[in-house]
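First up is the structure itself, then whatever we jot down about it.
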Amino acid sequence: MEDPRPLDGIRVVERASGVAAAYAGRLLAAMGAEVFMAEPPDHSPLRREAPFLPGGGSALFAYLGAEKRSVLCDLADPVDREAFHGLVAAAQILIDDTPVADRAGQGLDPASVAARHPHLVHLSVLPFGAEGPKAGWCGAEINMIHAGGEGFLLPNGLSADLFPDRPPLKIAGHFAEMQGGVAAALAGLSALWSGQGQFVDASVQDANVAVGAFAVQRFGDGSVEHRSTRSFRYGGVIECRDGFVELLTLEERQWEGLVDLLGRPDWATDPALRDAAERSSRGDTINANIRDWASDQPVADLVARAQELGVPMAPYNTPDEILAGRQETARGIFREVAGPGEENVRVQSAPFRFGAQPLPVAQAAPAPGADQHLLVAHPPREARKVQA
């Protein structure tokens with residue numbers, strides 16, 4: 001018998017059209033919450049989000065929808081709306097990314113929800129939050145990565161050296177929206193822990209500003225970082241014989257390990273380089289030497305030796321290499337679930353664990369309306385506090 005998960009017994013209703021709100025629901029589901037996706041009649045738009053699996057379904061939705069239930073409801077229909085509120089009455093958390101302008105018309109504005117469900121944690125997840133001058137703004141992933149500041153700094157380091165004329169980039173996938181989902185899930189759980197029904201306003205932009213906190217802090221001394229100037233003094237992305245690695249040395253012992261990794265060449269054993277400030281001032285020269293040396297090094301051997309010497313270094317892996325990685329396999333990070341066709345797909349169980357074993361993925365993403373019978377008959381139950 002599997003150990004209980006932290007949120008066993010907690011019910012969540014998720015009204016999500018975007019990745020951030022859906023990812024918040026996915027994290028709660030991974031921790032054991034019973035999460036109901038309340039999809040519109042034409043289904044969640046995330047089901048139509050590329051990339052697609054061989055069986056035709058969305059790979060993104062296969063992950064975001066795992067461990068959840070699905071009901072279809074049209075909040076413009078009075079009967080469906082009542083059924084929806086019956087489902088919400090049985091829940092402790094409502095996750096919602098309905099645009100602010102549309103909430104009152106669907107009975108999802110904070111005042112209406114609080115009046116009808118005073119026990120509820122109403123978790124709003126929007127690109128720029130539910131209040132303030134930007135509350136009505138839309139925002140996709142590319143907007144969020146730049147609104148949070150990180151896009152202004154990409155590409156940098158080796159990428160900027162090799163391709164100085166490239167335009168700003170966004171990080172692959174849904175980095176910014178998932179950061180918003182993490183912040184939202186934590187905010188919702190904090191509210192749940194309080195034992196009081198309340199409205200929680202999560203902003204994807206705010207979550208991503210926190211990611212680039214160091215760059216924001218430097219505004220105080222008049223420094224404005226830019227992708228053409230922001231880089232590690234030495235290290236960063238290094239090209240090897242058969243791929244790339246990321247190198248970062250912040251501590252003295254890590255520098256000493258790097259010198260040993262390099263084979264203690266004369267330039268690296270210069271007594272002047274024992275001083276961290278001097279190393280920073282010679283960063284370009286150090287990087288040129290490291291890159292020249294690494295160009296003939298195989299990635300796997302180099303990373304293995306670096307780890308033995310305590311040098312922070314990691315490879316840039318392909319998706320297949322990640323799925324087959326030794327650490328990922330040993331930790332059971334990926335679990336196999338049924339895909340939309342006949343094939344199975346592997347999804348991340350959770351980005352955290354609460355014991356020796358990874359959290360299970362017991363249920364694949366459901367078909368639209370797979371749990372429709374639960375929409376009309378879901379008895380309310382007493383809310384449970386999350387235990388410390």
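The criterion of at least 1 residues that are touching a Lys or Arg at 6+ places or on another chain (Cβ under 7 Å) is met, among helices (runs of 4 or more DSSP H) falling completely within the range 104-190, by 141-147, 158-162. Filtering the range 209-231 to residues that are part of a loop (DSSP other than H, G, I, E, B) and modelled with pLDDT of 65 or more leaves Gly212, Gly222, Ser223, Val224, Glu225, His226, Arg227, Ser228, Thr229, Arg230. The residues on offer are Ala66, Ala62, Ala114, and the sole one that is hydrophobic (A, V, I, L, M, F, W, C) and either without any contact (Cβ under 8 Å) to a residue 40 or more places away in the chain or closer than 22 Å to Phe199 by Cα (or both) is Ala114. When Ser295 is tested against (1) at pLDDT below 90; (2) in contact with a Lys or Arg (Cβ under 9 Å, 6 or more places away or on another chain); (3) not assigned by TED's automatic domain parsing to the domain that holds Gly57, exactly one condition is not met: (1). Within the range 279-311, if we keep just the residues that are out of contact with any strand residue (DSSP E or B) (no Cβ under 8 Å at 6 or more places or on another chain) and among the hydroxyl-bearing types (Ser, Thr, Tyr), the residue that is nearest to Asp242 (Cα to Cα) turns out to be Thr285.
Quick grid of which residues meet (1) polar (S, T, N, Q); (2) surrounded by fewer than 16 Cβ atoms within 10 Å (Cβ to Cβ):
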{"site": "Asp3", "(1), (2)": "no, yes"}
{"site": "Ala21", "(1), (2)": "no, no"}
{"site": "Met37", "(1), (2)": "no, no"}
{"site": "Ser44", "(1), (2)": "yes, no"}
{"site": "Glu49", "(1), (2)": "no, no"}
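What do you reckon, is Ala91 assigned to a loop (DSSP other than H, G, I, E, B), over 19 Å from Ser124 (Cα atoms) and either under 18 Å from the mean Cα position of the chain (by Cα) or aliphatic (A, V, I, L, M) (or both)?
Judged against the criteria, Ala91 is not a match.
Taking each residue of the range 298-313 that is of a type in the set (Gly, Ala, Ser) and looking for partners that are not in a helix (DSSP H, G or I) with beta-carbon atoms closer than 7 Å, six or more apart or interchain, yields Ala306/Met313.
Can you confirm whether Leu72 is buried (at least 17 other Cβ atoms within 10 Å of the Cβ) and either in contact with a Lys or Arg (Cβ under 6 Å, 6 or more places away or on another chain) or not assigned by TED's automatic domain parsing to the domain that holds Leu192 (or both)? Talk me through it step by step, then tell me what you get.
Working: buried (at least 17 other Cβ atoms within 10 Å of the Cβ): yes; either in contact with a Lys or Arg (Cβ under 6 Å, 6 or more places away or on another chain) or not assigned by TED's automatic domain parsing to the domain that holds Leu192 (or both): no.
So Leu72 fails the test.
The C-beta contact set for the range 285-296 (first residue without any contact (Cβ under 8 Å) to a residue 40 or more places away in the chain and farther than 15 Å from Leu248 by Cβ, second residue surrounded by 17 or more Cβ atoms within 10 Å (Cβ to Cβ) and among the small types (Gly, Ala, Ser), distance under 9 angstrom, 6+ apart or interchain) comprises Asn289/Ala268.
Here Glu343 clears all of (1) closer than 23 Å to Gly65 by Cα; (2) without any contact (Cβ under 8 Å) to a residue 60 or more places away in the chain except the condition numbered (2).
Checking every residue in the range 50-59 against the condition of being part of a loop (DSSP other than H, G, I, E, B) and touching a helix residue (DSSP H, G or I) at 6+ places or on another chain (Cβ under 6 Å) gives at least one match.
For Ala276, the requirement of being farther than 22 Å from Pro351 by Cβ, free of Cβ contacts under 8 Å to residues at least 24 places away in the same chain and of a type in the set (Gly, Ala, Ser) is not met.
The values are calculated or read from the model by the stated rules, or taken from the named source; none is laboratory data. Computed from a predicted model, the values in this text were never measured in an experiment. Neighbour counts are summed over all protein chains in view; Cβ atoms, including those assigned to glycine, are modelled from backbone coordinates with ideal geometry.
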